[in-house]
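Please treat every number below as a calculation from the coordinates, not as lab data. From a predicted model like this one, the values you see are computed outputs, not experimental measurements. In this analysis, Cβ positions are derived from the backbone assuming ideal geometry, glycine residues included, and neighbour counts consider all displayed protein chains.
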Amino acid sequence: MNLKSSDNDQTNRPVFPFTAIVGQEEMKLALLLNVIDPKIGGVMIMGDRGTGKSTAVRALVDLLPEIEVILDDPFNSDPNDLELMSEEVREKLKKDQRIETVKKKISMVDLPLGATEDRVCGTIDLEKALTEGVKAFEPGLLAKANRGILYVDEVNLLDDHLVDVLLDAAASGWNTVEREGISMSHPARFILVGSGNPEEGELRPQLLDRFGMHAQIGTVREPKLRVQIVEQRAAFDESPIDFRKNYKNSQQQLTLKITNARELLKNVEMDYENRIKISKICSELNVDGLRGDIVTNRAAKALAAFENRSKTTVQDIYRVISLCLRHRLRKDPLETIDSGDKVRDVFKNVFGYQNNV
């Protein structure tokens, strides 16, 4: 039996509606674009304490469409995509064995700061493997996160080695565990979302570069908006079920918009001239590697798909380019990350815009 979103309100802890979040447009846009195209490479959200970073990420899960998975499979294997299914499922398909599928919501996995590598990657039971001759694998958080979202709060406080493991898995789409000559691999294609407070330190530039997008959020200064946020939070805390009912239609509309965008994405095109200009901007900003070019192209296409268009515009590129490049400009770990002004200035110069973007 599949639970509908209305049932979800009654059975799980109610989540603050995504469409009820006031402000923080940059963060919301980055999250939505990554859901539309997970290959963008995740998003790093940096901002002050109490600015709704965790609330927004957890609210996002409520919007995600259902996916088809293999019944009782620990890796959320996709029955129609070899790249997203476990070896066990592949073997069953080769032998023409019947496999059952179910529909389930895309999941979000929280990675605690104190997690060990075994907890994250999974472990191999060597004794069982050696005595019984079978690969006894105990899946970790990366297995659970396959085809979903992996959320790391305070990612800048996480051990660098673990961040490396997460980013490698996110980039390759696979997790491999090796113990004493025994190896086990499984699909681990997930959207990596990290959040943190810049006062507690930034990630090293080499690690930060691996995140597709970087969103900066600050405390809302406008008094009327602050009052609106406080009142909304109070109303939600007092009666979360009733509060969510007020946003049911807007939530459903946004879910439908995301689903349609994921379908349309493969047909979205970008002019060659604009692709050249994106690469020129990356070159002028001295961005290392080609990740900046690739992510900016993907993000602009995802935005066009989100707005139900099959061709990107210069405006699409302008809206996403600082999110895609600002964190790639920092060469010195002690430097602060550009607010986006430098990226926008170069954009306007390359595209020939002054103040009309």
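Things worth noting here:
- Hull shadow area, averaged, segment 269-351 [alpha-carbon convex hull, nm²]: 5.1
- Test item: Cα-centred dipole of segment 269-351, Lys/Arg +1 and Asp/Glu -1 on Cβ, debye: 140
- Helical mean residue ellipticity (222 nm; -39500 (n - 2.57) per DSSP H run of 4+; nearest 500) of the chain: -13500 deg cm²/dmol
- Potential extension, Arg119-Val22 segment - 0.36 nm per residue separation minus Cα distance: 31.4 nm
- Ranking Asn260, Ala171, Tyr272 by how far each Cα lies toward the positive end of the dipole of segment 170-296 (charges on Cβ) leaves Asn260 at the top.
- The trypsin sites (Lys or Arg not before Pro) of segment 28-128 that meet both conditions, a loop assignment by DSSP and at most 11 other Cβ atoms within 10 Å of the site Cβ, are Arg49, Lys95, Arg98.
- Extension gain for Ser183-Lys103 works out to 25.8 nm (0.36 nm per residue, less the C-alpha to C-alpha distance).
- In the chain, Cα pairs under 8 Å separated by at least six residues give a relative contact order of 21 percent.
- In straight-distance terms, cross-link reach from Lys224 covers every one of the lysines whose alpha-carbon lies under 30 Å from its own, apart from those fewer than eight places away in the same chain; here that gives Lys28, Lys53, Lys245, Lys248, Lys257.
- Positive-end extreme of charge dipole, the chain - chosen from Ile124, Ser310, Val320 (charges on Cβ): Ser310
- The chain - share of DSSP beta bridges that are antiparallel (%, nearest 5): 45
- In plain terms, the C-alpha convex hull of the chain casts an average shadow of 20.6 nm² when viewed from every direction.
- Degrees separating the helix 248-264 axis from the principal Cα axis of the chain, which is the longest one: 80
- Sites Asn246 and Asn267, calculated FRET efficiency, Cβ-Cβ separation with R0 45 Å, nearest 0.05: 0.80
- Relative frequency of Cα-Cα separations exceeding 18 Å in segment 199-314, percent: 70
- Relative contact order, whole percent, for segment 124-279 stands at 19, derived from Cα pairs under 8 Å and 6 or more residues apart.
- Percent RCO, i.e. relative contact order, over segment 44-146, from Cα pairs under 8 Å lying at least 6 residues apart: 25
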